[in-house]
Amino acid sequence: MRCWHAFSPFFGKPEKQVFWREKYGLDVYVEDVGEAFAAMLRQGPAHGFGKVLNPCVDCKIHLLRRAAMYMKSVGARALATGEVIGQRPMSQRRDVMRVIMREAGVTDILVRPLCAQLLESTLPEREGIIDRSRLAAIAGRGRGGQISLAARLGVTEFPTPGGGCRLTERENARRYWPILTRLAAPAAADFALANLGRQFWGQEGDECYWLCVGRNQADNERLALAARPDDALLNLWDMPGPMALARGGEHWPEGVMRRAAALTAACSPKALAAAPRTRAYVEIRCGEYQAKVIAEKPERVAFFENPPPFDMVRAERKVRFSQEYL
Ligand code: SF4
């Protein structure tokens, strides 16, 4: 048996690969599906979104297609997933599960062992590769059946019921929405950057300015790693404070960069405390070479705003992506 695990800026834990092998002896192949997922979000999912920004039906179709490709590449003859009929309103309804199988091209080879007794038999069961009598008949939203089965099998660590998909969380939808609506061609790396720190957006005419400010040392390190050659990194020069990343900052007008520096300084308690007496010195570095220090009054300038509230995201989403749910 082989396992296949997909990850993207929105879901997945590829770093658990070693843990799964050592704890459960599982041979897990991990695959980055981030770019394909970003493309799907850009186009708008054919089957619409769930309650937040989760395109669950299209997501499952896409992942099962990729899993089937992996299945063939290793000479396997069946796929199994952990779905439970009725557990989710959008993608685990009986009719929707059929649509997903059909559109992913995995009808009759996809086994859902947790609820297989409640579904039609599949080819691997009819051929005797899988013993149908050992499969379960779990249904509905409760998790009790799965938890007691896990206990019987000695599985002590499993994902939380929510599954950890960021697209189901309103706060994250607020972060992703400006990426989808303000960048010309958002890529997986843009969504990954939206996961970091505090997010701020400014606009002047048709130009949008995206500033990410670290909340802690770990954020600062990730921001430094995420920087592209034309991004600007902002650091306080002579006192502790956050790092900020200005996407495409090399091309920002001086006035906008000064406002970014003032906001970055305002995220430093020390700079704020010293503000009545002194300006903050902020170093701005693009790539390896350009670095300059400007002095600004630390302040939360109105120019840079937080991402829109979720109600606004939901309203705009309905206008932009009009697909109905299945
Ligand atoms: S919750 Fe996220 S990972 Fe799960 S099916 Fe929906 S979009 Fe895909």
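Any read-out appearing in this document is the output of simple, stated calculations on the displayed coordinates, not a laboratory observation. Note that this is a predicted model, so its numbers are computed, not measured. Positions of Cβ are backbone-derived with ideal geometry, glycine not excepted, and every protein chain shown enters the neighbour counts.
Please say if the range 169-296 is rounded, prolate or oblate, where rounded means a/c under 1.5 for a ≥ b ≥ c the square roots of the C-alpha gyration tensor eigenvalues, and otherwise the choice is prolate for a/b larger than b/c and oblate otherwise?
Prolate is the answer for the range 169-296, as a/c is 1.5 or above and a/b outweighs b/c.
Which ³J(HN,Hα) values, rounded to whole Hz and listed in residue order, are derived for the range 299-316 from phi using the Karplus coefficients 6.51, -1.76 and 1.60 in 6.51 cos²θ - 1.76 cosθ + 1.60 with θ = phi - 60°, glycine and proline given as x?
7, 7, 4, 5, 4, 8, 10, 5, x, x, x, 4, 4, 5, 4, 5, 5, 5
What chymotrypsin sites (Phe, Trp or Tyr not before Pro) does the range 241-312 have in DSSP loop regions with at most 13 other beta carbons within 10 Å?
Passing sites in the range 241-312 are Tyr289.
Through the Karplus equation 6.51 cos²θ - 1.76 cosθ + 1.60, θ set to phi - 60°, convert the phi angles of the range 200-217 into ³J(HN,Hα) values in whole Hz; use x for Gly and Pro.
Once θ is set to phi - 60°, the couplings for the range 200-217 become 9, 10, x, 9, 9, x, 8, 8, 10, 10, 10, 10, 10, 10, x, 9, 7, 4 Hz.
Dipole of the range 1-70 (Lys/Arg Cβ +1, Asp/Glu Cβ -1, origin at the Cα centre): which of Val30, His47, Phe11 lies farthest to the positive side?
Result: His47.
Given contacts defined as C-alpha pairs under 8 Å and at least six residues apart, what's the relative contact order of the chain, whole-number percent?
Computed value for the chain: 15 percent relative contact order.
Taking the Cβ-Cβ separation of Met69 and Ala189 as r and a Förster radius of 25 Å, what is the calculated FRET efficiency to the nearest 0.05?
So, using R0 = 25 Å, E works out to roughly 0.60.
Pairing the Cα long axis of helix 34-43 with the longest principal axis of the chain, what angle in degrees results, from 0 to 90 and rounded to the nearest 10?
80 degrees
Rounded to the nearest 5, what is the percent of antiparallel bridges among the DSSP beta bridges in the chain?
75 percent
Could you give me the percent of Cα pairs per 20 Å distance bin for the chain, shortest bin first, beginning at zero and ending with the bin that holds the maximum distance?
Calculated P(r), rounded to whole percents: 27, 47, 23, 3, 0.
May I ask you to order 16-23, 49-56 by the average number of other C-beta atoms within 10 Å around their residues, highest value first? Numbers along the way, then the final one.
On the way: 16-23: 13.1, 49-56: 21.9.
Top of the packing list down: 49-56, 16-23.
What is the distance, in nm, between label points placed 7 Å from the Cα along the Cα-to-Cβ direction at Ala273 and at Ala218?
Each label point lies 7 Å from its Cα, and together they span 2.5 nm.
Using Cα-Cα distances under 8 Å and only pairs 6 or more residues apart, what relative contact order does the range 1-146 have, in percent? The partial results should precede the final answer.
Details: 180 pairs, mean separation 24.7, N = 146.
So the answer I get is 17 percent.
Check each of the trypsin sites (Lys or Arg not before Pro) in the range 209-292 and keep only those in coil by DSSP with at most 11 other C-beta atoms within 10 angstrom; list them in order.
The qualifying sites are Arg277.
If you place +1 on the Cβ of every Lys and Arg, -1 on the Cβ of every Asp and Glu, and leave all else neutral, what size is the dipole of the chain about its Cα centre, to the nearest 20 Debye?
Here the size comes out at about 980 debye.
If each of Glu305 and Ser121 carries a label point 7 Å out from its Cα toward its Cβ, how far apart are those two points in nm?
Taking the simple label geometry, Glu305 and Ser121 are separated by 6.0 nm.
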